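Heads up, the thing below is written out as structure tokens.
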Amino acid sequence: MIGTGDFARRHLQVLSRESEVEIVGHVSGRPERAQGAAKQWGGRAYADAMDLVRGGSPDAVWISITPSAHGAIETALIDAGVPFFVEKPIAVDLATAESIAAQLERKPVITAVGYHWRAMDTIPEVRSVLAQHSVRLVQGAWLDTLPPSRWWHRRATGGGQIIEQATHPIDLARSLAGEAKVVGMTESDARSEEIDVARATAALVRFENGAPGVFTATNVLDGPAAVYLQITCDGVLITILRHYVTYDTGKAKRDTPVRNDPIVDENRAFLAAVRSHDQSKVFCTYPDALKSHRLCCSIAASA
């Protein structure tokens with residue numbers, strides 16, 4: 001595990017319960033945190049990715065780090081031929097992600113990206129409904145609070161809310177409705193000199209079938225007030241949330257709860273892909289995630 005933050009711990013909780021998985025090492029920019037993780041989860045603390053590869057001989061590596069820390073870590077793993085699961089966003093900028101993708105083309109390894117909305121067990125039914133109804137309008141939102149981490153407050157280290165948070169509904173929209181291009185966007189100013197990320201963003205995109213899409217984000221609230229993806233089709237409005245999906249025809253409404261843990265399932269899918277050398281088993285590959293990252297970066301660049 002490279003990284004020792006909240007999502008690294010979430011993945012370790014899953015992996016520690018897998019009977020055929022041994023946790024062999026932890027990497028952090030703060031050695032005491034890597035040592036603490038090793039004490040809790042097993043394995044050893046290592047100084048960096050190359051130290052982990054040489055000393056731990058991992059069959060696979062999980063990367064859960066701040067957005068601006070990507071690049072050299074992935075390069076080291078690709079050079080060593082080690083499969084990796086990387087949390088979103090895959091970089092703070094587009095150039096770093098494009099470089100990693102180009103390296104993977106030259107020297108492929110099994111990869112997966114943590115767009116865990118795709119792993120919700122409600123999504124196959126959504127795909128089935130969309131196969132029978134034309135998409136007319138897509139709307140996504142991440143209306144939440146400002147996270148406490150200092151790196152999140154700066155574009156240079158966190159990328160901003162579209163790249164770091166709203167990337168989830170944007171990625172799922174791509175996965176379900178097809179590719180999209182940015183038509184326009186606008187955003188509000190930062191609150192202070194210490195915070196240079198936008199406090200609110202609205203973007204208009206156009207999907208490949210001609211359907212318009214609107215994505216909004218804000219971090220001025222006291223908590224996650226609204227986080228969703230809505231797809232309006234001929235005859236039905238589909239609202240996708242992290243705990244259930246609603247199908248509303250205007251006359252009848254049906255809720256379908258999420259019954260699985262998508263974090264567990266995306267990890268197991270990656271493990272299956274590594275064991276079988278079959279990239280198709282994962283929910284989201286690095287090249288596919290790059291397309292979502294391109295769209296998010298395009299929205300951010302439009303500012």
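Of the residues VAL183, VAL214, VAL236, which single one is among the aliphatic types (A, V, I, L, M) and under 22 Å from the mean Cα position of the chain (by Cα)?
That would be VAL214, the only listed residue that is among the aliphatic types (A, V, I, L, M) and under 22 Å from the mean Cα position of the chain (by Cα).
So, of the residues in the range 64-104 that are among the polar types (S, T, N, Q) and within 19 Å of TYR115 (Cβ to Cβ), which turns out to be surrounded by the most Cβ atoms within 10 Å (Cβ to Cβ)?
SER64
Test of understanding: among ALA119, ALA131, ALA173, which residue is buried (at least 22 other Cβ atoms within 10 Å of the Cβ) and over 30 Å from ALA76 (Cβ atoms)?
Testing whether each residue is buried (at least 22 other Cβ atoms within 10 Å of the Cβ) and over 30 Å from ALA76 (Cβ atoms) leaves just ALA173.
Report, ordered by the first and then the second residue, all pairs with beta carbons closer than 6 Å, sequence separation of six or more or different chains, a first member in the range 21-46 that is outside the structural domain of ASP59 (by TED's automatic domain parsing), and a second member that is part of a helix (DSSP H, G or I).
Hits for this filter: zero, empty list.
For the range 278-303, give me each residue that is of a type in the set (A, V, I, L, M) and surrounded by 17 or more Cβ atoms within 10 Å (Cβ to Cβ).
Correct list: VAL282, ALA289, LEU290, LEU295, ILE299, ALA300.
Given the residues PHE215, PHE207, which is the only one that is closer than 17 Å to SER292 by Cβ, in contact with a Pro (Cβ under 8 Å, 6 or more places away or on another chain), among the hydrophobic types (A, V, I, L, M, F, W, C) and in the same structural domain as LEU130 (by TED's automatic domain parsing)?
PHE215
With THR249, THR216 as the choices, which residue is exposed (fewer than 15 other Cβ atoms within 10 Å of the Cβ) and on the phi < 0 side of the Ramachandran plot?
So the residue among THR249, THR216 that is exposed (fewer than 15 other Cβ atoms within 10 Å of the Cβ) and on the phi < 0 side of the Ramachandran plot is THR249.
Using the structure shown, decide if ALA198 is in contact with a strand residue (DSSP E or B) (Cβ under 6 Å, 6 or more places away or on another chain), under 14 Å from ALA166 (Cβ atoms) and part of a strand (DSSP E or B).
Here the answer is no, as ALA198 does not meet what is asked.
Condition (residue is out of contact with any helix residue (DSSP H, G or I) (no Cβ under 8 Å at 6 or more places or on another chain), modelled with pLDDT of 95 or more and of a type in the set (Phe, Trp, Tyr)) applied to the range 1-20: is it met by at least one residue?
Within the range 1-20, one or more residues are out of contact with any helix residue (DSSP H, G or I) (no Cβ under 8 Å at 6 or more places or on another chain), modelled with pLDDT of 95 or more and of a type in the set (Phe, Trp, Tyr).
Within the range 240-253, does at least one residue satisfy the condition of being free of Cβ contacts under 8 Å to residues at least 12 places away in the same chain and in a strand (DSSP E or B)?
Looking for residues that are free of Cβ contacts under 8 Å to residues at least 12 places away in the same chain and in a strand (DSSP E or B), one finds at least one in the range 240-253, hence yes.
Please go through the range 31-63 and give me each residue that is surrounded by 21 or more Cβ atoms within 10 Å (Cβ to Cβ) and within 24 Å of GLU164 (Cβ to Cβ), ordered by number.
ALA34, ALA37, ALA49, VAL61, TRP62, ILE63
Does PRO89 fit the bill of being more than 16 Å from LYS291 (Cα to Cα), under 18 Å from the mean Cα position of the chain (by Cα) and not small (Gly, Ala, Ser)?
no
Would you check if there is a residue in the range 272-279 being hydrophobic (A, V, I, L, M, F, W, C), in the same structural domain as GLN103 (by TED's automatic domain parsing) and in contact (Cβ under 8 Å) with a residue 60 or more places away in the chain?
Yes; the residues of the range 272-279 include at least one that is hydrophobic (A, V, I, L, M, F, W, C), in the same structural domain as GLN103 (by TED's automatic domain parsing) and in contact (Cβ under 8 Å) with a residue 60 or more places away in the chain.
Have a look at ARG199, ARG275 and point out the one that is loosely packed, with under 15 Cβ neighbours inside 10 Å and over 25 Å from GLU179 (Cα atoms).
Checking each option against the conditions leaves just ARG275.
Being touching a Cys at 6+ places or on another chain (Cβ under 8 Å), outside the structural domain of THR66 (by TED's automatic domain parsing) and surrounded by fewer than 21 Cβ atoms within 10 Å (Cβ to Cβ) is the requirement here; does ARG136 meet it?
Yes.
The values are calculated or read from the model by the stated rules, or taken from the named source; none is laboratory data. Since the model is a prediction, treat every value here as computed from it, not as a measurement. Neighbour counts are summed over all protein chains in view; Cβ atoms, including those assigned to glycine, are modelled from backbone coordinates with ideal geometry.
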